[in-house]
Structure formats: structure tokens, C-alpha cells
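Reviewing the structure listed below.
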Amino acid sequence: MYTREQASQLRQAFWTTFGQYIAPHPSADGGKINWSNYKTGLKHVYFRMRAEKKTASIGIEMTHPDPEIQELLYEQFLELKLFLHETLGETWEWELHGTNEFGETVSRIYKEISPVNIFNREDWPTLISFFKPRIIALDDFWSNAQYSFDSLR
């Protein structure tokens, strides 16, 4: 078992390693990008990568505090579902109005793997191989799809 500080250092080390590994890849628009902290430019819509003790996930999270607006965002992604899955090359899970670790209502479109453990350095290649192609594909999707959300900005 790790202390809180050790766990924090290991997480930071993983995300630094991931960032260094993926940094040479430009965004779909050709620019430099912070892959680990991806900015969609749309308030309350995030591309999140998570790695824990037993699982890892990557996804699109809609966190708008108004459930009706959150549902509008979700429905807009539903309109793009086929395009999203084609760009990703796989099918993801869809969840309307779930609850996050803070008890907040969120909607998500995500892919998860297990068993993997961010605290086991031997799992890092698996985690990087899981995250890298998917965040690049999400960026590719978003470079085209973001304009569908202009009316919701």
C-alpha cells in the first residue's frame, strides 16, 4: 500500500511519461496540444483519461450542472454516434445522467479496460497503448464534430 504522497507521485510520474510519449504527435489540426489535459473549447465537455488501481478509462464527459442542458449535449453526441464510432474504430459505452465520484450528475461516452493498475509500472505500456490511439482518434473526431455544437456554446 502506498501513502497518499507516494500514490500522487506515481500518478504524476505516469502522466508525465504519457505526456512525453505522445507529445511528438500534433493535433488533427496540426498544432501542438496538451494531450493529458485536452481542451475541447466547449464549456462542460471534457475528454478525460483516468487510471486507477483496477481500471482505466477514456471518455467524453458532459458535466453541465443543468440536467436538461447536459441531455442536449448528450443528444448532440448521439447525432454523431456513427461518426464517432467510425473515427474511434470501436464502439464505446453511453451513459446519460450517471453519477461521478463526487456525487455530481454527469453523462459519459467512454471505453474502459481492466485489470490494469497505474501503481504497477509494468502496466504502464498497456495503459499508454490504451490511451494513445483513443485520445488521438478523439482529437480527430473533435476537429470535425465541434462545429455541430456551436448552437450550444
Exercise. How large is the charge dipole for the chain, taken about the Cα centre, if only the Cβ atoms of Lys, Arg (+1) and Asp, Glu (-1) carry charge, to the nearest 20 debye?
Worked result: 680
Seminar exercise, completed: Ordering 45-52, 17-24 by per-residue average of other C-beta atoms within 10 angstrom, highest first, gives 45-52, 17-24
For this session: Step through the table entries Lys54/Lys111; Lys39/Lys111; Lys54/Lys81; Lys81/Lys132, compare each Cα-Cα distance with 24 Å, and write down the pairs that go over it.
Result: Lys54/Lys81
For this session: Output the Kirkwood hydrodynamic radius of the chain, Cα pairs only, in Å rounded to one decimal.
Result: 16.3
Seminar exercise, completed: Once the in-chain neighbours fewer than 8 apart are removed, the aspartates and glutamates whose Cα is under 18 Å from Lys43 read Glu61, Asp66, Glu68, Glu71, Glu75, Glu104, Asp139, Asp150
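What is the local net charge at Lys32, summed over the other residues whose Cβ is closer than 15 Å to its Cβ (Lys, Arg +1; Asp, Glu -1)? Can you show the working numbers first?
Details: positive: Lys39; negative: Asp29, Asp139.
Around Lys32, the charge tally is -1.
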Exercise. Considering the chain as a Gaussian network with a 10 Å cut-off on Cα pairs, which listed residue, Glu61, Glu93, Glu101, attains the greatest mean-square fluctuation?
Worked result: Glu101
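Read the figures in this text as sums done on the coordinates, not as results from a lab. Model, not experiment: these values are computed from the prediction. Every residue, glycine among them, receives a Cβ derived from its backbone with ideal geometry; neighbour counts consider all protein chains shown.
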